[in-house]
Structures are given as C-alpha cells and as structure tokens.
Amino acid sequence: MNSNNKKRVVFYIDAADKDVLFNQCKLLQIRPSFFVRNCVLEKLGKPIFVSTPVNLDTKKFSSELIKVGVNLNQVARKLNSGVAFSIADQRKVLNQIATLTNDILEIKSKL
C-alpha cells in the first residue's frame with residue numbers, strides 16, 4: 001500500500017478497552033495500528049496478514065550472549081597481557097571457554 005493512498009482514521013475507545021488492546025498487541029509483538037487495521041480489514045473480507053510472534057526468550061538469549069562476549073574479552077585481555085599462567089589456571093580457562101562454547105551453541109540452537 002503506497003503512503004500516498006493512506007488516509008488517517010480516528011476513533012475513540014474507553015480506557016479499559018485501550019488497555020486490553022495494548023496488552024494484546026504487546027503479547028503479539030505488533031503495533032496497535034497494525035492490529036486494528038487487520039481486524040477491520042478481516043471484517044470487511046479483505047486479505048489479512050498473519051503475524052508470527054517472535055520468541056520472547058530471544059531478548060534474554062541476546063543479553064546472555066553479550067555477557068559471554070564480555071567474559072571472553074576479559075579472558076583474552078588477561079592472556080594477552082603477558083602475565084604468566086600456571087598450568088592449573090590454563091586448564092581452568094580452557095574449561096571455561098569450553099563451557100562458554102557449549103552455552104553459545106545451546107543459545108544459537110534456540111534462536
């Protein structure tokens with residue numbers, strides 16, 4: 001639909017109905033205008049677009065990936081600083097890297 005063909009329509013609803021509308025749109029992860037437009041078009045018998053909501057855990061996984069990246073940067077900075085590590089420390093770091101790798105793969109499989 002061209003922006004030149006779009007016309008503005010204004011309507012009024014009470015506060016309780018507005019809250020229900022916005023809560024429903026938040027759950028579906030769509031804009032209220034999109035929701036209302038599609039409801040009206042559906043009632044008019046026009047073709048509608050079916051929205052597929054994104055997994056809500058995606059934001060959680062993204063923030064976890066950022067934390068993993070920060071941890072990896074800290075490990076790399078320590079390793080590159082020239083500080084001598086004992087073999088036990090090296091094994092501990094390698095085990096942590098393996099754990100992080102597994103966590104990243106698990107998060108990637110869920111996205």
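The values are calculated or read from the model by the stated rules, or taken from the named source; none is laboratory data. Values in this document were obtained by computation on a predicted structure and should not be read as measured data. Positions of Cβ are generated from backbone atoms using ideal geometry, with glycine treated the same way; all protein chains shown enter the neighbour counts.
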Candidates I97, I48, I104, I13, filtered to the one that is in a loop (DSSP other than H, G, I, E, B) and at pLDDT below 85: I48
Neighbours by Cβ (under 8 Å, 6+ apart or cross-chain): first from the range 68-92, free of Cβ contacts under 8 Å to residues at least 12 places away in the same chain and assigned by TED's automatic domain parsing to the domain that holds N102; second among the acidic types (D, E) and not in a helix (DSSP H, G or I): none
Failed item, numbered, when R37 is tested on (1) surrounded by 11 or more Cβ atoms within 10 Å (Cβ to Cβ); (2) modelled with pLDDT under 85: (2)
